[in-house]
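First the structure, in the form of structure tokens, and then the observations on it.
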Amino acid sequence: MRKRHCTCGAEADVRRGTRRTPDGRDEIVYRMICPVCGQLGPAIPAAGKDEGTALAEAVEAWNEMIPRLRPLED
């Protein structure tokens, strides 16, 4: 799957991280992060998914987010 460039023009990377849930548990998430400006994509929980599926969903969520931030570009 092709990744869109960040709003700053840089190529973002998929990263694996953790976040704390409201009930105090840590959960693994995947998200796109721009190494230049720090723009974050939506966090995709890995629970119940294999790594490839979670990575693809993180890229898809990023690709859907960027046009909302830059509506005049495709």
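Could you count how many residues in segment 17-43 are closer than 19 Å to residue 5 by Cα and within 11 Å of the chain's Cα centre (by Cα)? So the answer is 10.
For segment 17-68, give me each residue that is open to solvent by 90 Å² or more (accessible area, probe 1.4 Å) and part of a helix (DSSP H, G or I). Once the filter is applied, which keeps residues that are open to solvent by 90 Å² or more (accessible area, probe 1.4 Å) and part of a helix (DSSP H, G or I), segment 17-68 yields 51, 64, 68.
Here is the figure for segment 44-74: residues that are touching a residue at least 24 places away in the same chain (Cβ under 8 Å) and in contact with a helix residue (DSSP H, G or I) (Cβ under 8 Å, 6 or more places away or on another chain) total 1. Checking each residue in segment 1-16 for being part of a strand (DSSP E or B) and free of Cβ contacts under 8 Å to residues at least 40 places away in the same chain picks out 13, 15, 16.
Screening residue 1 on (1) over 13 Å from residue 63 (Cβ atoms); (2) at pLDDT below 95; (3) among the aliphatic types (A, V, I, L, M) shows it passes everything except condition (1).
The set of residues in segment 1-16 that are surrounded by 13 or more Cβ atoms within 10 Å (Cβ to Cβ), over 12 Å from the mean Cα position of the chain (by Cα) and small (Gly, Ala, Ser) contains only 10.
The values are calculated or read from the model by the stated rules, or taken from the named source; none is laboratory data. This structure is a prediction, so every number in the text was calculated from the model and none was measured. Note that we place each Cβ from the backbone using ideal geometry, even for glycine, and neighbour counts take in every protein chain shown. The protein model used for the area step is the full one, side chains on, heavy atoms only, and it has no ligands, DNA or RNA in it. Shrake-Rupley method; radii C 1.70, N 1.55, O 1.52, S 1.80 Å.
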